[in-house]
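Asker: Got a structure for you, questions after.
The values are calculated or read from the model by the stated rules, or taken from the named source; none is laboratory data. In this text, all values refer to a predicted model and were calculated from it rather than measured experimentally. Using ideal geometry, Cβ is built from the backbone for each residue, glycine included, and neighbour counts are taken over all protein chains shown.
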């Protein structure tokens, strides 16, 4: 391992990228999502990167481009295009070669902190002493692409769906990486996992009390003193839906009641039940009820 670990900001400087969008100021826990743009070099460029302090996932958003990478004494070469992805695990140095091109490139970078990966692995009862994400190069992975595009959409919307949604996506991404890009890990599903009704009810009561707030998995899990990832898994097992979807359903139900019983403006109701805007309320209201808030009123 290289003696110096490279962080996300240092990495961007080394690669001469311009950050177009970043989740840096959005308070996303354990994950940084950024959209970058760069002009290809005037001549073929080679860059040696020290080991990274975070797991680094790259997805192209623009024109296909040739790229090569030396990692673990192996040379990888490919045309990097939409649908492909690269994963460089934390602690692994790499060598890159980018040829001259006329096209301006756009890429999505996702940086995952090792502590997040460890938390998710522990909740999935993975042996964290053998936790080993491995490098993958220009691999087509439809499920990974879908998760990444949902994170990009949330970034572009200025985190309209809230922390709970981002945390759910982050955990889904980590589980996918552990299942498909880990050298030794097998995720174990215990035969008997259950949350006592009293514990579930405590979390539900908390949700209803603070429904208008930007709830997070960490906050909900702390109510019954378990890890966020374990809480999400057990909540879905007990209730039949994820914490995020349950919160959305309850917000819609409360909005429906307020539309029928009050004269408040729809925009005010949206904010009072925890949606970021009237359009955000309308989107989920119509999806769940088949009607718009105006039609209900």
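Asker: Given 148, 138, which one is at pLDDT 90 or above and surrounded by 15 or more Cβ atoms within 10 Å (Cβ to Cβ)?
Answerer: Numbers: 138 fails: at pLDDT 90 or above.
Step by step, each of 148, 138 is checked, and only 148 is at pLDDT 90 or above and surrounded by 15 or more Cβ atoms within 10 Å (Cβ to Cβ).
Asker: So how many residues does segment 122-152 have that are part of a helix (DSSP H, G or I) and more than 28 Å from residue 36 (Cβ to Cβ)?
Answerer: Residues of segment 122-152 that are part of a helix (DSSP H, G or I), as a first pass: 122-123, 128-130, 142-152.
Filter once more, keeping what is more than 28 Å from residue 36 (Cβ to Cβ): 122-123, 128-130.
Number satisfying all stated conditions: 5.
Asker: For residues that are modelled with pLDDT of 85 or more and in a loop (DSSP other than H, G, I, E, B), scanning just segment 227-242, find the one that is farthest from residue 119 (Cα to Cα).
Answerer: For segment 227-242, the residue satisfying everything is 241.
To keep it simple, each residue is scored yes or no on (1) part of a strand (DSSP E or B); (2) at pLDDT 80 or above; (3) buried (at least 18 other Cβ atoms within 10 Å of the Cβ); (4) not assigned by TED's automatic domain parsing to the domain that holds residue 173.
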position	(1), (2), (3), (4)
66	yes, no, no, no
69	yes, yes, yes, no
79	yes, yes, no, no
83	no, yes, no, no
87	yes, yes, yes, no
92	no, yes, yes, no
97	yes, no, no, no
101	no, no, no, no
105	yes, yes, yes, no
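Asker: Here is a list of conditions, (1) under 20 Å from residue 158 (Cβ atoms); (2) buried (at least 19 other Cβ atoms within 10 Å of the Cβ), and residue 235 meets all of them except one; can you say which number that is?
Answerer: The single condition residue 235 does not satisfy is (1).
Asker: Now, a different point. Identify the residue in segment 273-294 that is in contact (Cβ under 8 Å) with a residue 40 or more places away in the chain and assigned to a loop (DSSP other than H, G, I, E, B) and, among all such residues, is surrounded by the fewest Cβ atoms within 10 Å (Cβ to Cβ). Even if it seems obvious, please write down each step before you answer.
Answerer: Within segment 273-294, the subset in contact (Cβ under 8 Å) with a residue 40 or more places away in the chain is 273-274, 276-277, 280, 288.
Checking which are assigned to a loop (DSSP other than H, G, I, E, B) leaves us with 273-274, 276-277.
Details: 273: 19, 274: 22, 276: 16, 277: 12.
If we take residues in segment 273-294 being in contact (Cβ under 8 Å) with a residue 40 or more places away in the chain and assigned to a loop (DSSP other than H, G, I, E, B), then 277 is surrounded by the fewest Cβ atoms within 10 Å (Cβ to Cβ).
Asker: Give me a count of the residues in segment 225-260 that are within 18 Å of residue 124 (Cα to Cα) and more than 19 Å from the chain's Cα centre (by Cα).
Answerer: 6
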